[in-house]
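J.: Encoded as structure tokens, here's the structure I'll be asking about.
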Amino acid sequence: MKHRGFTLVELLIVIVVIAILAAISVVAYNGIQQRAYASRAASAVDGAVKVLELYRAENGSYPTFTDTPSGYACFTAQGTLPATGPYAENECNAEYGDTISSELNTKLTNYVSRLPDGSLPSIDTGYGEQRAVLYYVYPNGQEAEILYAINGDYDCPKGEKDSWREGTTLCYVTLGADGGGGGGVAA
């Protein structure tokens with residue numbers, strides 16, 4: 001009498017092969033997600049740099065604003081940051097109260113028909129959750145910074161790297177530091 005079916009060894013081999021393929025897929029998927037996030041951040045930063053440099057070329061300084069409590073502004077259009085989780089509407093860092101600046105956006109819409117979308121997936125930076133590109137202008141108006149965070153220890157797709165907390169990378173682009181537009185912008 002012949003037995004039909006698989007032996008225990010054959011079943012174990014199939015299970016091991018499936019587990020190996022699943023592990024490879026998870027690693028590949030995580031890498032793809034991280035590259036997509038970095039690409040989205042780089043695109044948002046490129047758009048921000050272009051509109052800020054257009055403003056500076058015409059006005060001689062970077063745009064200032066006074067309508068955010070922290071001195072930083074979320075660099076994205078109104079309505080792109082809904083209230084969810086720890087965030088209020090139009091807020092990109094609940095810990096510090098960084099919000100979208102209507103004043104800044106009004107100044108910049110004279111240079112572009114639509115502001116770049118600077119919203120990003122939420123990241124725990126160790127200093128609160130952050131979910132957008134941030135803009136800061138120095139009091140003299142001649143220098144500004146664009147900041148964003150990446151999960152993990154990665155090189156920044158745009159700007160300089162500052163690993164302030166294990167597992168999180170802060171990227172910042174300095175504008176105007178060289179006396180001309182776009183100083184410190186790393187490709």
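J.: Give the long-range amide H neighbours of S70: residues separated by 5 or more places, or on another chain, with amide H under 5 Å away, using H modelled in the peptide plane at 1.01 Å from N.
T.: When sequence neighbours closer than 5 places are left aside, the close amide H contacts are T99.
J.: Among bridges DSSP assigns within the chain, what percent are antiparallel (round to 5)?
T.: Once the DSSP bridges in the chain are tallied, antiparallel ones form about 95 percent.
J.: For every helix of n ≥ 4 consecutive DSSP H residues, a contribution of -39,500 (n - 2.57) applies; sum these over the chain, divide by its total residues, and give [θ] at 222 nm rounded to the nearest 500 deg cm²/dmol. Kindly include the intermediate steps, with their values, before the conclusion.
T.: Working: 2 runs with 59 residues, N = 187.
It comes out at -11500 deg cm²/dmol, rounded to the nearest 500.
J.: A follow-up question, please. Of the listed values [x] 0.93; [y] 1.22; [z] 1.42, grab the one calculated as Rg/Rh (Cα atoms, Kirkwood Rh) from the structure here.
T.: Given [x] 0.93; [y] 1.22; [z] 1.42, the structure-derived one carries the label [y].
J.: Using a cut-off of 25 Å between alpha-carbon atoms, which lysines can reach K107, once sequence neighbours fewer than 8 places away in the same chain are excluded?
T.: Counting by Cα, and skipping residues close in sequence, K107 has these lysines nearby: K50, K158.
J.: Which ³J(HN,Hα) values in Hz, rounded to whole numbers, follow from the phi angles of segment 129-139 under the Karplus curve 6.51 cos²θ - 1.76 cosθ + 1.60, where θ = phi - 60° and Gly and Pro get x?
T.: Along segment 129-139, the couplings run 6, 10, 9, 6, 5, 9, 10, 9, 10, 6, x Hz.
J.: Moving on. Mean shadow of segment 25-72, computed from the convex hull of its alpha carbons, in nm²?
T.: Here the figure is 4.8 nm², rounded to one decimal.
J.: Right, here's the next one. Taking every pair of alpha-carbon atoms in segment 31-122, what share in percent sits in each 10 Å bin, from 0 to the bin with the longest distance?
T.: Cα pair-distance distribution for segment 31-122, in percent: 16, 45, 32, 7, 0.
J.: Further question on the same structure: Taking only Cα atoms, what is the 0 to 90° angle, nearest 10, from helix 8-59's long axis to the longest principal axis of the chain?
T.: 10 degrees
J.: When T84, T174 are ordered from fewest to most other Cβ atoms inside 10 Å of their Cβ, what list results?
T.: T84, T174
J.: Arranged by the count of other C-beta atoms within 10 angstrom, fewest first, what order do S119, S39, S101 take?
T.: Starting with the residue having the fewest Cβ neighbours, the order is S39, S119, S101.
J.: Can you give the local net charge around G60? Use residues other than it whose beta-carbon is closer than 14 angstrom to its beta-carbon, Lys and Arg +1, Asp and Glu -1.
T.: Net local charge, G60 excluded: -1.
J.: Right, something else. Under 19 Å Cα-Cα from K161, which aspartates and glutamates qualify once same-chain neighbours fewer than 8 residues away are excluded?
T.: Result set, ordered by chain and number: D46, D124, E129, E143, E145, D153, D178.
J.: Which order do F6, F75, F65 fall in if you start with the one that has the fewest other Cβ atoms within 10 Å?
T.: Listed from fewest to most nearby Cβ atoms, that is F6, F65, F75.
J.: What do you get for trypsin sites (Lys or Arg not before Pro) in segment 1-62 restricted to DSSP loop and a cutoff of at most 12 other Cβ within 10 Å of the site's Cβ? It would help to have the intermediate numbers written out before the result.
T.: On the way: sites: K2, R4, R35, R40, K50, R56; in loops: K2, R4.
Counting only loop positions with at most 12 other Cβ atoms within 10 Å, the trypsin sites (Lys or Arg not before Pro) in segment 1-62 are K2, R4.
J.: Using each residue's phi in segment 92-108, evaluate 6.51 cos²θ - 1.76 cosθ + 1.60 at θ = phi - 60° and report the 3J(HN,Hα) Karplus result to the nearest Hz, with x for Gly and Pro.
T.: In residue order, the calculated couplings are 10, 8, 5, 5, 9, x, 5, 10, 5, 9, 4, 4, 4, 4, 4, 4, 7 Hz.
J.: Less than 15 Å Cβ to Cβ from V137, Lys/Arg counted +1 and Asp/Glu -1: what total charge do the surrounding residues give?
T.: -4
Every read-out reported here was derived from the displayed coordinates using simple, explicitly stated rules and does not represent laboratory data. Note that this is a predicted model, so its numbers are computed, not measured. Every residue, glycine as well, gets a Cβ built from its backbone with ideal geometry; the counts of neighbours run over all protein chains shown.
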